[in-house]
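One structure is given here, and the rest of the page talks about it.
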Amino acid sequence: MEWEVVIGLEIHTQLATKSKIFSGASTTYGAEPNTQACAIDLGMPGVLPVLNKDVVNMAVCFGLAIDAEIAPYSVFARKNYFYPDLPKGYQISQFELPIVGLGHIFIEQEDGSKKRIGITRAHLEEDAGKSLHEDFHGKTGIDLNRAGTPLLEIVSEPDMRSTAEAVAYMKKIHSLVRYLGISDGNMQEGSFRCDANISLRPKGQEELGTRTELKNINSFRFIEKAINYEIERQMDILETGGVITQETRLYDANKNETRPMRSKEEANDYRYFPDPDLLPVEITDECKEKIRQSLPELPDAKQQRFVNEYQLSDSDANALTLNKETANYYETVTKKIKDPKLSANWILGEVSAYLNKENKSITTAPIQAEMLAGILQRIKDNTISGKIAKEVFDAMWKGEGNTADAIIDKKGLKQITDNSAIEGIVDTIITDNPNEVAAYQGGKKKLFGFFVGQVMKASKGKANPAQVNALLKQKLD
Amino acid sequence: MHKKTVAELSAGLKAKEFSSEELTQVFLQRIADLDKELNTYITVTEEQAIYQAKKADKKIAENTAGTLTGIPLAQKDIFCTQGVKTTCGSKMLENFVAPYDATTVTQFNNAGMVLLGKTNMDEFAMGSSNESSYFGAVSNPWDLATVPGGSSGGSAAAVAACLAPVATGTDTGGSIRQPAAFCGITGLKPTYGRVSRYGMIAFASSLDQGGIMARSAEDCAMLLNTMAGFDEKDSTSAKIATENYSQSLHSKVEGLKIGLPQEYFAEGLDAQVGQCIEAAIKEYEKMGAKIIELSLENTSLAVPTYYIVAPAECSSNLSRFDGVRYGYRCQDPKDLTDLYLRSRGEGFGDEVKRRILIGTYALSAGYYDAYYLKAQKLRQLISNDFTQAFKQVDVLIGPTTPDVAFKKGEKSDPVSMYLSDIYTIAVNLAGLPAISIPVGRIKNKPVGLQLIGNYFNEAKLLNIAHQYQTITDWHRGIPEKFQ
């Protein structure tokens, strides 16, 4: 049977505030356990939460960016359950009236076309603490530094039909929150993580199949593997006539498998009710408009502008605008060298290859935009060839020099454009290869490339290719 | 000295008739001598009291004192005090010392008041008799065999027996007014949001409100001047300007429109209590007030509504007492579930457990709409009754309780206990201010009159209560044993 995959994602993104959502404690990552938890975060008796206004603005920003309804009136609710790293015995979240309602984004599909993915809602909530099972023999340590960290939970519609779409969606949201500056999106530190709801149904069937939920996936690579594994697992069960159990499963990256966490039978009844300690959040049209005015250029608009302004292809423009830093990098280089195509080729070629190889991000690349522009400038003014430029790039990446000129000088890579010097080399090559000359002149025109290669080799790649071509043609034909 | 009101003590300190230290010593001595019988204090903070009194005397000497500087005060043991135990009447917090002060505590500290100690209360403020305290029942100074009311029973009895000139209380369903009535003192529950709840251990967050238990309305006004106001640490506190509550006390009540809700005089009200209330109403008539009978037709829904809303909120508020971070933890837990079950099972008393169970049930999937949501709708209806009433009248008057203080152990059935709050509960559901003042005694047991005001109209309420107290002296009565 042919199966259709149905995927919906719940993304938790940590909002980039200085202090926590309901207390003044710092949100800085990596501090000594329990040094960034105040009486409120510890859930001491008698303490009360006070909403950090920044989180509201950030949520509204996100809502506007996905063209969603912003609730004029939203409510914080308590989600009640016991867990040692949940200090109050309830998590303050939003339930019936979330701050951001129905919205959508577009993702790029493999064939370059766009697909609309619905976003059901996005709501504000506080994070819990962390239970530490290592280092405490037979006991559990609790670190509440994370407790009360502001999160925006973004819930998609079950609109994705493949792993690739799910990854594209996650990347798009990741890009969006970073464009908006509302999250650092740091996945290693847990600032951006995702739960995936996955089900299969026979192709053409309207009704959704039974789903499983994969918890806490914190990298693009893992989400791909986790979903693929889960699709295979479900398909095996369905193909052999089995039924899927609705349950929460955990993805184990080490073993590359998912395994059940808890089944629905033991699922918690969270007993949600409006938190009486907090007032409803009211957002006026004026406030919404003010935030709308302050929104930065968003990925889709930037991509369109890149296509129009720089005559880039859709896919190049998409790749360059996936994150704000790359887009800025591109625009800096392009403004300097006034050659949009050349800078696009280099950034999507060399730069991204090196970044991938070393698992670096563009902000930490050893070659910053101005430095790359320096190299490309020298291609454009014929100081070096494209091939030599790659050598310069490699040297610069390795820290052998800060400017293209310094490296070109140091390594003597300057292109030979003196016609008489090139002519000398050309003459030598013709003299040294009488057989090839005869064959060429006898009609084997393909040998032309051989002569070019020999000249370039003899000049250590520095001869200007256009001049070499012209001289060879002149002498051989 | 111990019989004086705060106003009189303030004048005495100012005139240097006695020092704050002397005054404090008097109360500490009385506590030491007399509290064994009453059990009004859970913790007495002698050393701190003397230290604060000396500091106050210095201020008085330097002429930098405020009206409350040097006046001793008892705090209900629900307000967190940095460095002093805050038990909330529970085994769960028997040894709990908060790392911070409640806003109310900070306010009175800053005003230069002297903390005598922390008063006994029903466990987590759940009760109407003070019998649910882990630290033992409190006796009513007017009749030691009877209860002082609850949950602020310790504060009420301490003020009535002159073991403190004034005390704080909290009122979720009548916990200031009912014990004030039973003990013959004046108890003010302000409008919800008038006083900060920060550091006041939560029972039912949408109903809880701190207030004052004193010898007179005048004293309540003096303390409210310090206690009222917006607190940035409490989002539900109101950003509405406060008034000088002492200033308007002397306005005449002539022409005042007093509403009598017929439901508060219906079946269930003790006949003799009814007579005392009638007599008080006559006094107001004599002063020129106009009496208007009216109806609060959803009154009968108040108790059932309250016993959904309050337990629902309490079931969630009390989840933090899990034996993990602070408070009682069971011996040698086998595993996490055992830690939870036994810490909570052993740490909480029966009444607290009963309400947690009711609340958990009311919020459960499948029951939420039928109970919690419906209760919220009824709550709105109850509020609407009051809103309508205040279009006609300035204040509502009726009995605080259907009867005088009952005997300890008499109300072993929880429902009959819950019904003793029948006249006070609706006020919390609506979030209104109300005050209970003593207006008579039946066989030496005090009777309380409840005055209910419109939102944030504490000034009017205190004024009306004070006017009664200028022409009567029920509020000056002190039980014989504690003269």
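Numbers for the structure displayed
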| item | result |
| --- | --- |
| Options A:Gln246, A:Gly129, A:Ile347, ranked by Cα towards positive dipole end of chain A, top entry (Cβ charges) | A:Ile347 |
| Net dipole in debye of the stretch B:28-158 [+1 Lys, Arg Cβ; -1 Asp, Glu Cβ; about Cα centre; nearest 20] | 380 debye |
| Percent carbon-and-sulfur accessible area, the stretch A:83-210, ignoring ligands, DNA and RNA, probe 1.4 Å | 49 percent |
| Chains A and B, summed buried accessible surface - 1.4 Å probe, Å², nearest 100 | 2700 Å² |
| Solvent exposure of the protein assembly as shown as accessible area per residue, Å², 1.4 Å probe | 41 Å² |
| Percent carbon-and-sulfur accessible area, chain B, ignoring ligands, DNA and RNA, probe 1.4 Å | 50 percent |
| Angle in degrees between helix A:369-380 and the longest Cα principal axis of chain A, rounded to the nearest 10 | 20 degrees |
| Sorted peptide list for A:400-411, A:249-260, criterion being average Cβ within 10 angstrom, highest first | A:400-411, A:249-260 |
| Shielded by partner chains, the stretch A:31-63 residues - at least 10 Å² of accessible area, 1.4 Å probe, vs chain alone | A:Ala39, A:Ile40, A:Leu42, A:Gly43, A:Met44, A:Pro45, A:Gly46, A:Val47, A:Leu48, A:Val50 |
| Assigned charges on the beta-carbon of Lys, Arg, Asp, Glu; the stretch B:241-369 dipole about Cα centre (debye) | 440 debye |
| Dipole axis of the protein assembly as shown (+1 Lys, Arg; -1 Asp, Glu on Cβ), positive-most option in A:Ser19, B:Gln247, B:Thr470 | A:Ser19 |
| Farthest toward positive dipole pole in the protein assembly as shown [+1 Lys/Arg, -1 Asp/Glu at C-beta], among B:Leu223, B:Ser139, A:Gly386 | A:Gly386 |
| Paired Rg and Dmax values of the stretch A:281-425, which use every Cα atom, in angstrom | 19.5, 81 |
| Estimated dipole of chain B in Debye, rounded to 20 [Cβ of Lys and Arg +1, of Asp and Glu -1, Cα centre] | 440 debye |
| Sulfur and carbon atoms: percent of accessible area, the stretch A:313-382 [1.4 Å] | 50 percent |
| Chain A: antiparallel DSSP beta bridges as a percent of all, rounded to 5 | 90 percent |
| Considering only the stretch B:1-145, percent of DSSP beta bridges that pair antiparallel, nearest 5 | 50 percent |
| Shielded by partner chains, the stretch B:292-316 residues - at least 40 Å² of accessible area, 1.4 Å probe, vs chain alone | B:Ser316 |
| Paired Rg and Dmax values of the protein assembly as shown, which use every Cα atom, in angstrom | 38.3, 137 |
| All lysines inside 26 Å of B:Lys252 as judged from Cα atoms, apart from same-chain residues fewer than 8 positions distant | B:Lys4, B:Lys189, B:Lys282, B:Lys286, B:Lys290, B:Lys391, B:Lys460 |
| Exceeding the 21 Å Cα-Cα cut-off - candidates A:Lys114/A:Lys338; A:Lys324/A:Lys380; A:Lys357/A:Lys390; A:Lys288/B:Lys377 | A:Lys114/A:Lys338; A:Lys324/A:Lys380; A:Lys288/B:Lys377 |
| Fraction of antiparallel bridges per DSSP, chain B only, in percent to nearest 5 | 70 percent |
| Set of lysines with alpha-carbon distance to B:Lys481 below 16 Å, sequence-local pairs under 8 removed | B:Lys3, B:Lys36, B:Lys443, B:Lys445 |
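The values are calculated or read from the model by the stated rules, or taken from the named source; none is laboratory data. Everything numeric in this text was worked out from a predicted model, so none of it was measured. When we count neighbours, we look across all protein chains shown, and the Cβ atoms used for this are built from the backbone with ideal geometry, even at glycine. What goes into the accessible areas is simple: the full protein's heavy atoms, side chains included, and nothing from ligands, DNA or RNA. Shrake-Rupley method; radii C 1.70, N 1.55, O 1.52, S 1.80 Å.
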